[in-house]
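Working notes for the structure below.
Taken together, the values in this text are just the output of simple stated rules run on the coordinates, not laboratory data. This structure is a prediction, so every number in the text was calculated from the model and none was measured. Using ideal geometry, Cβ is built from the backbone for each residue, glycine included, and neighbour counts are taken over all protein chains shown.
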Amino acid sequence: MLNQFSRTQLLYGVEAMEKLAASRVAVFGIGGVGGYVVEALVRSGVGALDLIDDDKVCLTNLNRQIYATRKTVGKYKVDVAKERILDINPDCEVRTYKTFFLPETQDQFDFTQYDYVVDAIDTVTGKIAIVEQARAAGVPVISSMGAGNKTDASKFEVADIYATSVCPLAKVMRRELKKRGIDHLKVVYSKEPPTRPLEDMSISCRQHCICPPGTARTCTQRRDIPGSTAFVPSVAGLIIAGEIINDLTKSNV
């Protein structure tokens, strides 16, 4: 029967689409990268999504985040994302968590319920905790490395973390995962050397923070505020989604 996923089914077949419909994917962080992961997953027929992010849409998100529009500024990203997901596929089961994922909050999540886990957050301690929890639960996980301060979307690659180079975040992750005896992690990373952002205080979030009222973590609390483009984070997110779809439709995952 013709439906909204028929074009995808022409490539993957009925059995694969049934697997996707029966899958639950957790996306930790739904900003510039994670938002496009979610978008591609719901449009591919994934039947259940858990969205984890405590942030609200900010005006500065409009240059790159799919859920950011003038109408959504000030709203929780997970709430905006859920509404959009259900507009695309009303049958998708969506659970939202207004949570900043860290080792201190990881007990809120039962990783054994997931078929795949996406790490699209910024903090190293949180990223490591996601990987450790997924590994302990025996669940596939894919992690996004640095997408900020990049301008060449063609430089992204899918690799094991120990085969990465250039990316500063990947270097830190390699070191920390090695300490913990974790010998494998699928990542999406860029070989493009980061561009140093301009030091222009007239447009700096540190000097002119416009985070919506009630934002838990404002720009003034961040150690670094990277530059960003519309096309680099989105490409990273779509690559991640493609890896998930291909893995979930294989019989051995």
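With respect to the cross-link table entries K77/K127; K77/K155; K82/K186; K71/K171, which display a Cα-Cα separation exceeding 31 Å?
Working: K77/K127 19 Å; K77/K155 28 Å; K82/K186 27 Å; K71/K171 38 Å.
With Cα atoms farther than 31 Å apart: K71/K171.
Distance in nm between label sites at R70 and K98, each 7 Å beyond Cα in the beta-carbon direction?
About 2.6 nm, to one decimal.
Compute the orientation-averaged projected area for the chain from the convex hull of its Cα atoms and round it to one decimal in nm².
For the chain, averaging the hull's shadow over all directions gives 13.7 nm².
Determine by what factor the alpha-carbon radius of gyration of the range 107-197 differs from 2.2 N^0.38 Å, reporting the quotient.
For the range 107-197, the normalised Cα radius of gyration is 1.09.
Projected area of the range 96-150, taken from the Cα convex hull and averaged over every viewing direction, in nm²? Let's see the in-between values first.
Details: hull surface 16.5 nm².
Taking a quarter of the hull surface, the average projection is 4.1 nm².
Would you mind calculating the relative contact order of the chain from Cα pairs under 8 angstrom and at least 6 residues apart, reporting the percent as a whole number? Write down the numbers at each step before the final one.
On the way: 456 pairs, mean separation 58.6, N = 253.
Dividing the mean separation by the residue count of the chain yields 23 percent.
Within the range 102-143, list the residues whose amide N lies under 12 Å from a label point set 7 Å along Cα→Cβ of A22.
Answer for the range 102-143: none.
Could you give the semi-axes, largest first, of the ellipsoid that matches the range 1-58, computed as the square roots of 5 times the alpha carbon gyration tensor eigenvalues and rounded to whole Å? Intermediate results must be reported in sequence, preceding the final value.
Values: eigenvalues 136, 26, 12 Å².
That gives 26, 11, 8 Å for the three semi-axes.
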